[in-house]
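Read the structure below first, then the notes.
The values are calculated or read from the model by the stated rules, or taken from the named source; none is laboratory data. Not measured: the values here are computed from a predicted model. Positions of Cβ are generated from backbone atoms using ideal geometry, with glycine treated the same way; all protein chains shown enter the neighbour counts.
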Amino acid sequence: MRNFLITGAAGFIPGALAETLLEDKNNFVVGVDNFLTGTRRNLPKADNFRFIKVDVNRSDDLGAVMLSYRFDYVFHYAAVVGVSRTLENPLLVLEDIKGIRNILHLSKNTGVRRFFFSSSSEVYGEPVEIPQNEHTTPLNSKLPYAIVKNVAEAFIKSYHKEHGLEYTIFRFFNTYGPRQSADFVLSKFICAALRNEDITVFGDGTQTRTFCYIDDNVTATVNSLSEASSLNEVINLGSDQEITIVELARKVIAATGSQSKIVHLPPLVEGDMRRRCPDNSRMRRLLKRDLLPLDEGLARTIVAKRREFIG
């Protein structure tokens, strides 16, 4: 039996990761969350899953869980997320540094075999090269959310150097899918389109992003457990197919048959990088197949969102 801890388990990506791990009955998964941004609907239902409401920034509460279960693997995904939320609450974002220190200290002291961390493409800031490579692209974002991720990566590498704690760091680029909340751009566009509401775009909409379907993110993550090439490595998880935000809005309107109109808002003062596109060669080696094309992932997501609206 392998014991896993997933923090932020009520979030979109960690909830999907938990479901996949639980398909193997030799895995036992404990999920913790404080529901700051997560929702109970993302928590899996399985005999080999336990959920405990915990704020990972409170070391005593987290310590009780980790001492009780003695985890083999820890996935630390708990974080304050969402562009608007992180820009409006910078001090709350910075509190997450406590959580990373707590969980690394406890992982080292309770015999965790490997520590997995959800970092972010935000650490790259405005790109100085495209595609953005894990080991050659400078990390230059000045936003609190990205700074916390950068600090966390430094902590993780330091714990490996001083204490031998093995790790894998994932830098997530935009991941989407049926259960994603409307706090994120693609889900926000789909929900607006299904209601025939205006779709709002910041600036002229020519900023580009890439979009990775949730199954590709999770499959690469699970495969990394048995791949030596991912040990003590940083790995971009994301698609390498760029699309402008205004093109994305038009694609969503067409795919949903919506009457929505695109409305342009003033550009964001900060936090809206002109381009993001990963070098995802390491992810492709983990995935062992092509990534799902955006049109297909979009169709799957729209079908699921329609069911939510009807239900």
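Please find, within the stretch 70-110, the residue that is farthest from residue 32 (Cα to Cα) out of those that are surrounded by 19 or more Cβ atoms within 10 Å (Cβ to Cβ) and polar (S, T, N, Q).
Out of the qualifying residues, it is 86.
Step by step: first the residues of the stretch 111-148, then only those that are aliphatic (A, V, I, L, M) and either more than 19 Å from the chain's Cα centre (by Cα) or not assigned by TED's automatic domain parsing to the domain that holds residue 231 (or both), then the one that is surrounded by the fewest Cβ atoms within 10 Å (Cβ to Cβ). Which residue is that?
First pass over the stretch 111-148, keeping only residues aliphatic (A, V, I, L, M): 112, 123, 128, 130, 139, 143, 146-148.
Still in the list and also either more than 19 Å from the chain's Cα centre (by Cα) or not assigned by TED's automatic domain parsing to the domain that holds residue 231 (or both): 112, 128, 130.
On the way: 112: 22, 128: 11, 130: 15.
The qualifying residue surrounded by the fewest Cβ atoms within 10 Å (Cβ to Cβ) is 128.
Looking at 171, 195 in this structure, which one is at pLDDT 95 or above, over 28 Å from residue 136 (Cα atoms) and basic (Lys, Arg)?
It is 195.
Looking at 136, 86, which one is among the β-branched types (Val, Ile, Thr), free of Cβ contacts under 8 Å to residues at least 12 places away in the same chain and closer than 30 Å to residue 268 by Cα?
Details: 86 fails: free of Cβ contacts under 8 Å to residues at least 12 places away in the same chain.
Going through 136, 86 in turn, just one is among the β-branched types (Val, Ile, Thr), free of Cβ contacts under 8 Å to residues at least 12 places away in the same chain and closer than 30 Å to residue 268 by Cα: 136.
Can you tell me which of (1) more than 21 Å from the chain's Cα centre (by Cα); (2) of a type in the set (A, V, I, L, M); (3) part of a helix (DSSP H, G or I) is the one residue 87 doesn't meet?
(1)
Among the residues of the stretch 149-167, is there at least one that is part of a strand (DSSP E or B) and either surrounded by fewer than 20 Cβ atoms within 10 Å (Cβ to Cβ) or touching a Leu at 6+ places or on another chain (Cβ under 6 Å) (or both)? Lay out the reasoning, then the answer.
If we filter the stretch 149-167 for residues that are part of a strand (DSSP E or B), which is where we start, we get 166-167.
So of that shortlist, the ones also either surrounded by fewer than 20 Cβ atoms within 10 Å (Cβ to Cβ) or touching a Leu at 6+ places or on another chain (Cβ under 6 Å) (or both) come out as 166.
Yes: the stretch 149-167 contains one or more residues that are part of a strand (DSSP E or B) and either surrounded by fewer than 20 Cβ atoms within 10 Å (Cβ to Cβ) or touching a Leu at 6+ places or on another chain (Cβ under 6 Å) (or both).
Among residues belonging to the stretch 103-134 that are in contact with a strand residue (DSSP E or B) (Cβ under 7 Å, 6 or more places away or on another chain) and assigned to a loop (DSSP other than H, G, I, E, B), point out the one that is farthest from residue 4 (Cα to Cα).
Going through the qualifying residues, I end up with 131.
One line per residue, one yes/no per condition, for (1) modelled with pLDDT under 95; (2) in contact with a strand residue (DSSP E or B) (Cβ under 7 Å, 6 or more places away or on another chain); (3) not aliphatic (A, V, I, L, M):
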{"site": "200", "(1), (2), (3)": "no, yes, yes"}
{"site": "211", "(1), (2), (3)": "no, yes, yes"}
{"site": "227", "(1), (2), (3)": "yes, no, yes"}
{"site": "243", "(1), (2), (3)": "no, yes, no"}
{"site": "247", "(1), (2), (3)": "no, no, yes"}
{"site": "254", "(1), (2), (3)": "no, no, no"}
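Restricting the search to the stretch 191-214, which residues are under 12 Å from the mean Cα position of the chain (by Cα) and either free of Cβ contacts under 8 Å to residues at least 60 places away in the same chain or in a helix (DSSP H, G or I) (or both)?
Listed by number, the list holds a single entry, 214.
Only one of (1) under 30 Å from residue 228 (Cβ atoms); (2) more than 19 Å from the chain's Cα centre (by Cα); (3) part of a loop (DSSP other than H, G, I, E, B); (4) touching a residue at least 40 places away in the same chain (Cβ under 8 Å) fails for residue 268. Which number is that?
Condition (1) is where residue 268 drops out.
Residues of the stretch 184-210 being out of contact with any Lys or Arg (no Cβ under 7 Å at 6 or more places or on another chain) and either acidic (Asp, Glu) or in the same structural domain as residue 119 (by TED's automatic domain parsing) (or both), which ones?
Hits for the stretch 184-210 are 197, 204.
May I ask you to list the residues in the stretch 237-289 that are crowded, with 20+ Cβ neighbours inside 10 Å, touching a helix residue (DSSP H, G or I) at 6+ places or on another chain (Cβ under 6 Å) and closer than 21 Å to residue 126 by Cβ?
Residues satisfying the conditions are 237, 276.
Exactly one of (1) under 30 Å from residue 165 (Cα atoms); (2) without any contact (Cβ under 8 Å) to a residue 12 or more places away in the chain is unmet by residue 188. Its number?
Failing condition for residue 188: (1).
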